[in-house]
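The values are calculated or read from the model by the stated rules, or taken from the named source; none is laboratory data. As the structure is a computational prediction, the values presented were derived from the model and not from experiment. Glycine gets a Cβ as well: all are built from the backbone with ideal geometry, and neighbour counts include every protein chain shown.
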Amino acid sequence: MTFAGWLRRAERLSAENGASFGQVSTGARDEALYLILRTLRLPLDSGPEVLKRPLTAAESAAVGEVLRRRFVERVPAAYITREAWLGGLRFNVDERVLIPRSYFVEILRSRSTLAPRPAQGVSRGRRLHGIGLPCGPTGEAFQGGRCRCIDLSPGALEVAASNVRRHRLSGVSGSCRETSSPPSRGALRRDPQQPALRATAHVDALPEEFRKEPRLALDGGADGLNLVRTLVRQAERLLKPGASL
């Protein structure tokens, strides 16, 4: 079978099994294209001529298994390839973390004080705490200051540490801490937070692909605001003058 033939088969599998999208791409064809290119170790920017490429029996077997996992078992594509792209950067990803797909990284990069490279970064000495850390993007955007990522999940911290090493970030560290046990008084200068913000009923109703992401990172209680209320209560004694939550 050719590359194009596998694309058509992937679209059929997606329709037959009710696959959902939004974690990596917005549709079956784009997601299958990405998965096939990765499985065959071809460049992601391959031209249309790749569609005519015939696959060997071994290649077809490998592609078929990947597409079965994605469109029949409904495993998110990022968990299959162990990567996700955000802001033009590649991040390590596995089942211990949410799949990064936030537009916040573009907002951060658009602000001159939060540029992504050390030479343009925030002033030395500025401190930032991330509550419910992203698996790398926030630290990348705030390169140049000091960023401490706090999370409930040791596994999420391990993935974040691998991304810190991948992107050679300085001044970025992590710790595992309950929300009710925050940093010491007056410790925070800026606090971007990515806590669980969805109501329990909403999480229960998510498509299967999204329910394969860590529940701890999604479920914010009956109204989705459990952690937000805790953070707001703590903010007055934790934030320094001029800081923001």
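Only one of the numbered conditions (1) on the phi > 0 side of the Ramachandran plot; (2) within 17 Å of the chain's Cα centre (by Cα) is not met by R41, and that is (2).
Quick one: in region 211-224, which of the residues that are of a type outside the set (G, A, S) and surrounded by fewer than 17 Cβ atoms within 10 Å (Cβ to Cβ) is modelled with the lowest pLDDT? Show your work before the answer.
At the first step, the residues of region 211-224 found to be of a type outside the set (G, A, S) are 211-216, 218-219, 223.
Adding the requirement that they be surrounded by fewer than 17 Cβ atoms within 10 Å (Cβ to Cβ) leaves 211, 214-216, 223.
Values: R211: 96, P214: 93, R215: 93, L216: 88, D223: 93.
Ranking the qualifying residues of region 211-224, first place goes to L216.
Checked against (1) of a type in the set (A, V, I, L, M); (2) at pLDDT 95 or above; (3) in the same structural domain as D151 (by TED's automatic domain parsing), V105 meets all criteria but (2).
Each residue in region 229-245 was checked for being farther than 15 Å from H129 by Cα and within 27 Å of the chain's Cα centre (by Cα), and 2 of them qualify.
Just wondering, is there one or more residues in region 53-75 that are within 24 Å of L86 (Cα to Cα), without any contact (Cβ under 8 Å) to a residue 24 or more places away in the chain and hydroxyl-bearing (S, T, Y)? Break it down stepwise before answering.
From region 53-75, those within 24 Å of L86 (Cα to Cα) are 66-67, 69-71, 74-75; that's our starting set.
Narrowing further to those that are without any contact (Cβ under 8 Å) to a residue 24 or more places away in the chain: 69.
Subset that is hydroxyl-bearing (S, T, Y): none.
No; the residues of region 53-75 include none that is within 24 Å of L86 (Cα to Cα), without any contact (Cβ under 8 Å) to a residue 24 or more places away in the chain and hydroxyl-bearing (S, T, Y).
Cβ-Cβ contacts under 6 Å between residues 6 or more apart (or on different chains), taken from a first residue in region 217-245 that is farther than 14 Å from H202 by Cα to a second residue that is of a type in the set (D, E), are listed as L245/D191. Considering only residues that are surrounded by fewer than 21 Cβ atoms within 10 Å (Cβ to Cβ) and in contact (Cβ under 8 Å) with a residue 40 or more places away in the chain, which ones fall in region 160-171? The answer is S162, R166, H167, S170.
In region 32-42 there is at least one residue that is within 23 Å of K212 (Cβ to Cβ), buried (at least 19 other Cβ atoms within 10 Å of the Cβ) and either touching a Lys or Arg at 6+ places or on another chain (Cβ under 9 Å) or basic (K, R) (or both).
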